[in-house]
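Worksheet: one structure, shown below.
The values are calculated or read from the model by the stated rules, or taken from the named source; none is laboratory data. Bear in mind that the values here come from a model prediction, so they are computed numbers and not experimental data. Every residue, glycine as well, gets a Cβ built from its backbone with ideal geometry; the counts of neighbours run over all protein chains shown. For the accessible areas, the whole protein counts, side chains as well, though only heavy atoms, and no ligand, DNA or RNA atoms are used. Shrake-Rupley method; radii C 1.70, N 1.55, O 1.52, S 1.80 Å.
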Amino acid sequence: MWWMYLLIGVIVLIIIAVGVLFYLRNIKQTEVTKEKRHLEEVLQLPFNLELEKLNAFNLNGEAKELFDTLDTRWNESLNENKLQAEFNITEADTKLAKFSFGDGDESRASAKSHIDTIESTYDTLSDEINEFLALTEQSDEKFEASEVLHREANRDVLANGHQFGDSRKPLEALITSYEPELKKYKDLVNEGNYLTAASHIDEVHEELLALKQNMEEIPALIKEVQKELPTQFQEIRYGCRDLKLDGYDLDHIKVDSKLSTLRSELNLIEPKIAKLELDEARDDLDAINEQLDEMYDLIEHEVEAKIKYDSMKDQITDHLFKAKATNFTLRTEMDYIKNQYYINEGEFQTIHKYEQKIESLVAMYSEIQTESDKNTTRYSKITDNLDHIEEEVERINSDQSDIQDYLQSIKEDEKEAIENTNLIDNKKEAVMHSLASSNLNEIPEKFIVMKNELDIEVEEIDRYLERRPINVQYIKEKVNKSVQLLNEFEQSAYEIIHDSELTEHIIQYANRYRKDNESLDLEIKEAVRLFDEGRYKRALELSSHALKSVDEAGLQRIIDYYENN
C-alpha cells in the first residue's frame, strides 16, 4: 500500500516540476517579447527627419560629403544590426520552446546588444548633425561680428587718423586686407565647405579682435613715446640739476649719459609702432621704464639719505660726547679705585680699548662733517658710515654704563660688608647675653665654640677690610658664610632656651600631681635629672608626656601661654 503513496508523491513532484518549467519559460518569453517591441520602436526612429535638417544648407562640398557619410553609416548600422537582432530573437524563441533557458538568454542578450547599437548609432549621428548646425550658427555669428569689427576699424581710422600717426597707412592697408578674407568665408559657405569656413572665420575673428585691441593701444603708445617719456626725461634732468645745486653728489647715477642713451632707444620705438611691430615696441618701452625706475630709486635714495643725515647728526654728536666723557670719568675713577679695590685687569683693558675706539669714531665723524661741508656730497655713502658709528657708540655706551654700575657696586658691596659685619658682631653678643640670662644651668660648650668661630670670622673680615686693595668679592663670600653661621648659632640658641624655659614651666605645674601619682613623680624626677645635665630637649619630651597623662588641657594651656607671651 505504501508504494501507492510513493507513486502519488512522485507524480505530484513531476507535475510541480513541469509547472515550474512552463512558468520559467513564460517569464523568459516575456523578456524576448520585450526585446521584439524594443526592436520595433528602434526601427521607427526618425533619422530621416534628422538628416533632412542638412537640406537647409548648400549640399555641396563638405556638406554633401557629411550628408552622404551620415546616411551611409545609418543604413549600414540599421541593416546589419536589424537582421542580426531578428535572427537572435527567432533563435531565442526556438530555444525557449525547447526549454533551453541558458541558450535562450544568450540569444536574447545578443539581440539586445544589436538593438542598443542601432539606438546608440542614432544618438551619435544625431549629435553630429546638431554639432554641425551649432558650428555653422556660431560661424555666422562670428562672421557678423567680424564684419562689425572691420567696419569699426575702418571708421576709426578715417575719423581719428591723426591719433595713429605714421601707423595710419599700414593700418588702412591691414584693414583692407581683411575684405577678401571675409568674402572668402561667404565663398566657402556657398561651396558647401562649412567646416573650412568655420576654421577660417575663427582665425579672421581672432585677428580682428587683436587689431581692435592694438588700435586702442596705439594712441597710448604714441603718447608715451612722444610726450610722457620725454617729459620724464626733462623732469629727471632738471630735478637732478636742482639737487646738485642743493649739494647732492649724483655723479654715480650718471644721469646725463643714461638719459642720452634712453632717448636714442626711444627714437627707435616710434618707427616700430608705425610698422605695427607693437610687441617689440611694448618690450622696448618696458625696458626704458624699468631703467627710469632704477634712476628714480637711486635719486630717492640720495634724498632720503640727506634727510636721515640731518636727523641723525645731532644725536650722534651727543652720543659721542657722552661716550668720551664717560670714558674719561671711568679712567679717572679706575686710577683711584685700583689702589682701593681689587679689579679684574680686563676691565682696565676694556676702558682703554674703548678710549681708542671712541677717538677713531670721532675722527670718522669729523671726516663725515668735512664731507658734508663740501659743495656736493654723496649722502648715501655718509649715512652708511653714520649707521656704523651709531651702532658702535651705542654698544660702547651700554658697555661703559655696565662698567660704571660695576664700580659703584664695588663700593656698595664694601659698605654692605661693613654693615653686615657689625650686625653679626652685635647679634652674636646679643645671643650670648640671652643664653647667659636664661634659666640654663650653664651655657653648652657648642655655643662657646660657635661664638669663637664667629669671633674669628669677624676678626678676619675686619683685617681684610683694612687691606688695600681689597677683594670685595672674597669679603662678600666671607660675610655670607658668617651670616649663615650666625643664623645657625641664633636658631640653636633659641631652640635650647625655648626647651629649657618651657620644661621649667611644665615641671613647676606638674609638681601639684607628684604626691598622688607615683608614675608621674618618677617621670618628673627623671626630667629634672636630664634638665640638670643640660639635656633640655629630652627633659621637655619626658615632662610633657608625664603632665599629658594626668592633665592634657593644663599642658596645652602652658604651651599656648608660653608661645604667645
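Take Gln291, project a point 7 Å from its Cα along the Cβ direction, then tell me which residues of region 203-240 have their backbone nitrogen under 18 Å from it.
So the set is 224-238, 240.
Can you work out the FRET efficiency for the pair Asp387 and Glu359, with r the C-beta to C-beta distance and R0 = 25 Å, to the nearest 0.05?
Taking R0 as 25 Å, the efficiency between Asp387 and Glu359 is 0.80.
How much length is gained if the chain between Ser438 and Asp68 is pulled fully straight, taking 0.36 nm per residue apart and subtracting their Cα-Cα distance, in nm to one decimal?
Values: separation 370, 0.36 × 370 = 133.20 nm, distance 13.66 nm.
119.5 nm is the gain from fully extending Ser438 to Asp68.
If you take the C-alpha gyration tensor of the chain, multiply each eigenvalue by 5 and take the square root, what semi-axes do you get, largest first, in whole Å? All intermediate terms of the calculation are to be shown ahead of the outcome.
Working: eigenvalues 2426, 1006, 50 Å².
Equivalent ellipsoid of the chain: 110, 71, 16 Å, largest first.
On full extension of the chain, what length is gained from Glu80 through Asp560, given 0.36 nm per residue of separation minus the C-alpha to C-alpha distance? Provide the component values of the computation, followed by the final result.
On the way: separation 480, 0.36 × 480 = 172.80 nm, distance 12.25 nm.
So the extension gain works out to 160.6 nm.
At 27 Å minimum axial length over the Cα atoms and a Kyte-Doolittle cut of 0.0, report the qualifying DSSP H helices in the chain, or say none.
2-43
Please give the contour-minus-distance gain from Leu43 to Ala109: 0.36 nm per residue of separation, less the Cα-Cα distance, rounded to one decimal in nm. Let's see the in-between values first.
Numbers: separation 66, 0.36 × 66 = 23.76 nm, distance 1.81 nm.
Extra length available between Leu43 and Ala109 comes to 21.9 nm.
Excluding ligands and nucleic acids, what accessible area in Å² is computed for Asp297 using a 1.4 Å probe, to the nearest 10?
Taking all protein chains as shown, Asp297 has close to 90 Å².
What is the distance in Å between the Cα centroid of region 265-335 and that of region 453-470?
66 Å
Shape call for region 128-228 from the C-alpha gyration tensor, a ≥ b ≥ c root eigenvalues: rounded (a/c under 1.5), prolate (a/b greater than b/c) or oblate? Walk me through the numbers on the way to the answer.
Details: a/c = 3.63, a/b = 2.57, b/c = 1.41.
Judged from the Cα gyration tensor, region 128-228 comes out prolate (a/c at least 1.5, a/b above b/c).
Measuring with a 1.4 Å probe in the full set of protein chains, what accessible area per residue, in whole Å², belongs to region 425-547? Walk me through the intermediate numbers first.
Values: 7080 Å² over 123 residues.
Averaged over the residues of region 425-547, the accessible area is 58 Å².
How much of the calculated P(r) for region 243-339 lies past 22 Å, in percent of all Cα pairs? List each step's numbers first, then the result.
Details: 2784 of 4656 pairs.
Result: 60 percent of Cα pairs exceed 22 Å.
Of the heavy-atom accessible surface of the chain (probe 1.4 angstrom), what whole percent is carbon and sulfur? The partial results should precede the final answer.
Working: 16660 of 33380 Å².
Solvent-exposed carbon and sulfur of the chain make up 50 percent of the total.
Go through Glu91, Glu445 and list them by solvent-accessible area, largest first, probe radius 1.4 Å. Intermediate results must be reported in sequence, preceding the final value.
Values: Glu91 55, Glu445 140 Å².
Most to least solvent-accessible, the answer reads Glu445, Glu91.
For every other residue with a beta carbon closer than 14 angstrom to the beta carbon of Asn480, add +1 if it is Lys or Arg and -1 if Asp or Glu, then tell me the sum. Spell out each step's value before the answer.
Details: positive: Lys476, Lys478, Lys481; negative: Asp413, Glu416, Glu419, Glu457, Glu460, Glu477, Glu488.
Summing Lys/Arg as +1 and Asp/Glu as -1 gives -4.
What is the dipole size for the chain, taken about its Cα centre, with +1 at each Lys and Arg Cβ and -1 at each Asp and Glu Cβ, in debye to the nearest 20?
1280 debye
If you take the square roots of the eigenvalues of the alpha-carbon gyration tensor of region 390-538 and sort them as a ≥ b ≥ c, do you get rounded (a/c under 1.5), prolate (a/b over b/c) or oblate?
It is prolate, given that a/c is not under 1.5 and a/b is the larger ratio.
Once the cut-off is 15 Å, how many percent of the Cα-Cα pairs in region 476-565 end up in the long-distance tail? Please list the in-between numbers first.
Details: 2464 of 4005 pairs.
In whole percent, the share of Cα-Cα pairs in region 476-565 beyond 15 Å is 62.
Can you pull a Stokes-Einstein diffusion coefficient for region 524-565 at 20 °C (1.002 mPa s), Rh from Kirkwood over Cα pairs, as a whole number of µm²/s?
Working: Rh = 10.7 Å.
Roughly 200 µm²/s, to the nearest whole number.
Using a 1.4 angstrom probe on the protein heavy atoms only, line up Asp283, Asp156 by accessible area, largest first. Numbers along the way, then the final one.
Working: Asp283 100, Asp156 50 Å².
Output order, biggest surface exposure first: Asp283, Asp156.
Suppose a student asked you for the relative contact order of the chain, using Cα pairs under 8 Å spaced at least 6 residues apart; what percent would you report?
9 percent
What is the local net charge at Tyr509, summed over the other residues whose Cβ is closer than 12 Å to its Cβ (Lys, Arg +1; Asp, Glu -1)? If you can, show how the numbers build up before the last one.
On the way: positive: Arg512, Arg514, Lys548, Arg557; negative: Glu504, Asp551.
Result for the neighbourhood of Tyr509: +2.
Between the alpha-carbon centers of region 39-88 and region 114-164, tell me the distance in whole angstrom.
The two parts, judged by their Cα centres, are 26 Å apart.
Extending each Cα 7 Å along its Cβ direction at Glu228 and Glu137, get the distance between those two points in nm, one decimal.
4.3 nm
Just to be sure I understand the model, the point goes 7 Å from the Cα along the line to the Cβ. What's the resulting Leu209 to Glu181 distance in nm?
1.4 nm
For labels at Ser372 and His352 in the simple 7 Å Cα→Cβ model, what's the distance in nm?
If labels sit at Ser372 and His352, their model points lie 3.4 nm apart.
For an R0 of 35 angstrom, estimate the FRET efficiency from the Cβ-Cβ distance between Ala553 and Gln491 and round to the nearest 0.05. Can you show the working numbers first?
Values: r = 31 Å, r/R0 = 0.87.
After rounding to 0.05, the efficiency reads 0.70.
Between region 197-255 and region 517-560, what is the separation of their alpha carbon centroids in Å?
Region 197-255 and region 517-560 have Cα centres separated by 112 Å.
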